[in-house]
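Peer 1: Here's a structure for you.
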Amino acid sequence: MSAAACNGPENLFVAGFLGESNIIASSALAQRAMPKDAAQLMVRPESITLAAADASAADAIPGKVLATDYLGTSIRYLVETSAGRLVARAPRSQRARSFAPDESVQLFWEPQDARMFDAQGRALRN
């Protein structure tokens, strides 16, 4: 699988087929500037950063950790947010902050790490 296909799928079917994806309705992201024809946004779990609930992060989505899975070199987090349940994956490191179930967090990502889709599931050009 190429990086271009994984990070820039042409439609939602391909986005879901090529690895784990968070698909978020644009209406759940009112605080973010999005094109008017964007109906959904896709962001991969490894592109989401978790921060403590009291951290200052622009465009962050508050949430609560539901579950953690330790996957060798990474930790997979399932987080309940106002945008639905989102999955984040973070590198496992002694220096990195980890989060426990029931802990409040903030989730954010860089705009270039998200892919937008129209109502028919076709990718919009970023």
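Peer 1: Taking the stated definitions as given, is residue 72 modelled with pLDDT under 90 and either under 11 Å from the mean Cα position of the chain (by Cα) or small (Gly, Ala, Ser) (or both)?
Peer 2: yes
Peer 1: Which one is nearest to the chain's Cα centre (by Cα), of the residues in region 75-114 that are assigned to a strand (DSSP E or B) and among the small types (Gly, Ala, Ser)?
Peer 2: My answer is 88.
Peer 1: Ok, one more. State which residue is surrounded by the most Cβ atoms within 10 Å (Cβ to Cβ) when the search covers only region 68-126 and only residues that are farther than 17 Å from residue 28 by Cα and aromatic (Phe, Trp, Tyr).
Peer 2: 77
Here's the yes/no breakdown for (1) without any contact (Cβ under 8 Å) to a residue 60 or more places away in the chain; (2) not acidic (Asp, Glu):
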| position | (1), (2) |
| --- | --- |
| 40 | no, yes |
| 58 | yes, yes |
| 100 | yes, yes |
| 113 | no, no |
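Peer 1: Residues in region 48-66: is at least one modelled with pLDDT under 95, among the acidic types (Asp, Glu) and surrounded by 12 or more Cβ atoms within 10 Å (Cβ to Cβ)?
Peer 2: Yes: region 48-66 contains one or more residues that are modelled with pLDDT under 95, among the acidic types (Asp, Glu) and surrounded by 12 or more Cβ atoms within 10 Å (Cβ to Cβ).
The values are calculated or read from the model by the stated rules, or taken from the named source; none is laboratory data. Just so it is clear, the structure is predicted and the values come from calculations on it, not from any experiment. Using ideal geometry, Cβ is built from the backbone for each residue, glycine included, and neighbour counts are taken over all protein chains shown.
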